[in-house]
Amino acid sequence: MPLRRKLLFAMMIPAILLVTVGAIGVYSLRHLEQAAGRILADNYRSIQETRRMEEALRAFLSADPDHPASMGAGSPERVIRRFESALDGCEANITEAGETAVLRSIRSRWVELKPTLTADGGPSAEAGRDRAASVAEIYGDVERLVVLNETAMIEYEQETRHVAKVMLGAVTGSSLAAIIALTLFALISARRISRPVVEVADRLHLALGPDEGAGGSATRSNVDEIGRLRQELDALLERLRRHEDEQNRKLSHLQGRLAFVMNEVLEGMVLLDAEQRVMTMNRVARALLGPGIAEGSRLGDGRLRPDVQEALAPFLAGDFQPERDLDELHHAADGEERIYRPRVLTVTAGGGTIEGYLLLFWDVTEQQRFEESRRRFISMLSHQLKTPMTSLSMSVNLMREKIRDAAPAQAELLAIATEDCNNLAALISDLIDAAKDVTPELTLKIRRVDVARLLRSSLRPLVPQAEEKEIDLVLPAADGGVFAEVDPVKFPWVVTNIVGNALRYTPPRGRVSVEVTPGPDGIRVSVTDTGAGIPAEHLDKIFQPYWSLDEEPRPGTHGLGLAIAREVMEAHGGSIAAESRPGAGTSFHLHLPSHGAA
C-alpha cells in the first residue's frame, strides 16, 4: 500500500473517533437543553398564572365586603377578568398529572363565587363569611396547583442533574476510550508505517557497511527514521556516484587498451551498426576500406575501394551467410603484398534481433605460404619415395620369380611383402595427387570385398609383433562372409593403424581383438584392447591432428594416424568412435553404412 494511503487511513480513524465523541457531546447538550426547556417553559408559565390567580384572590380577601370598589388591584370586574385570564392560562397549559382535577375544582368553585362578587348592595354578614370561605378554598386549590408545578420542577431538576451526570460520564468515558484508542492506534500506526522505513534504512546500512552508512541502527527509539533513511540514501547515492566514476574510469581505460589491441593486430576489424554504418575500425581496416570511409560512413554509399566493393558485394546486398568467408583481397602494405579473407559476424540481441555486424579481414598470407610449402614438400617427398618404392617392388617380384619352390612360410612372407609394396605405391600416388590441390579431397577406389577376409590379410603382418610382446591378437573369423563396398587399401589401413596403436599401448600377456559384426544399418568393426585406457578428458582429442597421449612422442609417430582414420571413415560415409576407462582398456568402433555393406 502506498505511504500516502497509509497516512490517510491513519488520519481517518482518529477523525472518526473525534466525530463520535463530538456527536455524543452534542446529543448530551441537546438533551439537557430539552430538559431545561421543559422546566423553564411549561411549569414556570403555570406557576406565573397561579401567582396571578393568588393576587386576584388576595384582592378579594382584602376588600371591604360592603364596598367592593375598595379593592387595591382595581375594580371587581378587572380583578375577575385577571383571575379568569390566569385560570384560562392554567387550563391551557396543563403539564402535570393532577392539574386537571385541581383546575376543575377551581373552575366549579369560581363559578359559584363569581356572582357574589358582582352583586349590588353588598352581601350580608353570613354571605360575606361564605364568600370568604369560598375564596379561601379556591386559594387552597391554587396553592395545590403551585405545589404540583414546583414539585414537578424539582423532579425535572433532579432528572436533569441525573441526565447531566450520565451524559458527563458518557462523554468522559468516550473521551478516555478515544484517548486510549488514539494512543494505541498512534503507536501501532507509527510502528507499521515506520517499520518498512527502518528495514530499508538498516538494509542500506548493512549493504553500505558501517564505514559508509549513516551510523547506528535505525531501530532505536530516539532515531528519526525518515532522516536516517535520507542519510542512508545519500550515502548510497554517494557510493553509486563513486562506483559510476570508477566504472567510467575503467571503461575509458578498457577502451584505450581495446583500441591499442585493435590497432596492433594484423587483421582488419570494423564494427558496424544494423544499417552498415561504421562505428569504429582499426588501422588495417582503414587502409583496406580506403580513404573514403570514416567513422559514421555507410559501406554501401559507393566510397569503398573497387576490389573491396566487389568482395563485399554479397554482404552489402544482404545476400550472404554469416561466418562464411567472402572472396579474398590482395593489398600491398609496407612494400609487401598481403592476402585478406573477409568474414562477417552478426551481433544479435537477446531476442535474435540484429544489432550490428563485425567485419573481419583475416590475414591469410602466412597460411597460404604454408599451404604452398606443404604442397611442394609432399610433391617432392612423394617423387623421392616413388623411385625407391618402384625398385623395392621390382626386387620383391624378382625374388618371387626366382624362389618358386620356397617354403610355405617364406612364400607367405613374399606375398605379404608384395601386397604391402603395392599398397605403399598406391599411397604414394595419392600423396602426389593430393599435392596438386590446395585443399585435397580424399579419393576412394571402392570395391566389394569380404571385410573379415580383407582385415585378416591386412593384419597378418602384425602377428609376429604381437607374439614378440606376448599379446594375444584375435583376428576376425575367416568364414564371416560379411561383404561391403570399401577402398581395399585405405580401409584396412585404418584398422591396421588402430591395431598397431593397441599393440603399442597394451602390456605383455594382454589381449587385442578385432570383430566384424553385421547389422541392419551396416557393419561394425570393433578393435578392443586390455591396455591402460584413455582418460575421459582426452577422448575428444585423440582424433585431432598432431595430438598424442605420450608426453614425449615415440619414434615413428606424429599424431596423424587417428585424424587420417577419421577422414577415411567419413569419406566412406561412416564414422569412428572410441570408448575407454582408465585401467580397463579401450574400444574403437568403426561403422560402415548399409549402402556399403551386405
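Given the condition surrounded by fewer than 17 Cβ atoms within 10 Å (Cβ to Cβ), at pLDDT below 90, among the charged types (D, E, K, R) and closer than 17 Å to residue 569 by Cα, answer yes or no: does some residue in segment 444-461 qualify?
Scanning segment 444-461, I find at least one residue that is surrounded by fewer than 17 Cβ atoms within 10 Å (Cβ to Cβ), at pLDDT below 90, among the charged types (D, E, K, R) and closer than 17 Å to residue 569 by Cα, so the answer is yes.
Regarding segment 239-252, can at least one residue be identified that is under 30 Å from residue 207 (Cβ atoms), of a type outside the set (A, V, I, L, M, F, W, C), in contact (Cβ under 8 Å) with a residue 24 or more places away in the chain and not in a loop (DSSP other than H, G, I, E, B)?
The answer is yes, given that some residue of segment 239-252 is under 30 Å from residue 207 (Cβ atoms), of a type outside the set (A, V, I, L, M, F, W, C), in contact (Cβ under 8 Å) with a residue 24 or more places away in the chain and not in a loop (DSSP other than H, G, I, E, B).
Cβ contacts < 6 Å: first residue in the same structural domain as residue 53 (by TED's automatic domain parsing) and modelled with pLDDT of 80 or more, restricted to segment 82-99; second residue of a type in the set (Gly, Ala, Ser) and in a helix (DSSP H, G or I), any location; separation 6+ or different chain. Result?
Qualifying pairs under 6 Å: 82/56; 83/56; 90/46; 93/46.
Name every residue in segment 523-547 that is buried (at least 20 other Cβ atoms within 10 Å of the Cβ) and not in a loop (DSSP other than H, G, I, E, B), in order of residue number.
The answer is 523, 525, 527, 529.
In segment 139-162, what residues are crowded, with 16+ Cβ neighbours inside 10 Å and either farther than 30 Å from residue 85 by Cβ or of a type in the set (Ser, Thr, Tyr) (or both)?
Of everything in segment 139-162, those that are crowded, with 16+ Cβ neighbours inside 10 Å and either farther than 30 Å from residue 85 by Cβ or of a type in the set (Ser, Thr, Tyr) (or both) turn out to be 139, 156, 160.
Take segment 334-371 and flag every residue that is farther than 24 Å from residue 265 by Cβ and modelled with pLDDT under 80.
Answer for segment 334-371, where residues must be farther than 24 Å from residue 265 by Cβ and modelled with pLDDT under 80: 349, 350, 351, 352.
In a helix (DSSP H, G or I), assigned by TED's automatic domain parsing to the domain that holds residue 59 and modelled with pLDDT under 80, is that true of residue 121?
Criteria not met by residue 121.
Is one or more of the residues making up segment 325-340 within 17 Å of residue 273 (Cβ to Cβ) and either more than 37 Å from the chain's Cα centre (by Cα) or not hydrophobic (A, V, I, L, M, F, W, C) (or both)?
Looking through segment 325-340, none of the residues is within 17 Å of residue 273 (Cβ to Cβ) and either more than 37 Å from the chain's Cα centre (by Cα) or not hydrophobic (A, V, I, L, M, F, W, C) (or both).
Suppose the filter is touching a strand residue (DSSP E or B) at 6+ places or on another chain (Cβ under 8 Å), modelled with pLDDT under 80 and surrounded by fewer than 18 Cβ atoms within 10 Å (Cβ to Cβ); does residue 62 pass it? I'd like the intermediate steps shown before the answer.
Working: touching a strand residue (DSSP E or B) at 6+ places or on another chain (Cβ under 8 Å): no; modelled with pLDDT under 80: yes; surrounded by fewer than 18 Cβ atoms within 10 Å (Cβ to Cβ): yes.
Answer is no for this residue.
What's the number of the condition residue 311 fails, among (1) surrounded by 10 or more Cβ atoms within 10 Å (Cβ to Cβ); (2) more than 18 Å from residue 276 (Cα to Cα)?
Residue 311 satisfies every listed condition except (2).
For segment 502-530, give me the residue count where each residue is farther than 23 Å from residue 479 by Cα, under 57 Å from the mean Cα position of the chain (by Cα) and aliphatic (A, V, I, L, M).
Residues flagged as farther than 23 Å from residue 479 by Cα, under 57 Å from the mean Cα position of the chain (by Cα) and aliphatic (A, V, I, L, M) within segment 502-530 amount to 1.
For residue 158, work out the one condition from (1) under 30 Å from residue 17 (Cα atoms); (2) without any contact (Cβ under 8 Å) to a residue 24 or more places away in the chain it doesn't fulfil.
(1)
The values are calculated or read from the model by the stated rules, or taken from the named source; none is laboratory data. Fair warning: this is a prediction, and the values are worked out from it, not measured in the lab. Ideal geometry is used to build each Cβ from the backbone, glycine not excepted, and the neighbour counts take in all protein chains shown.
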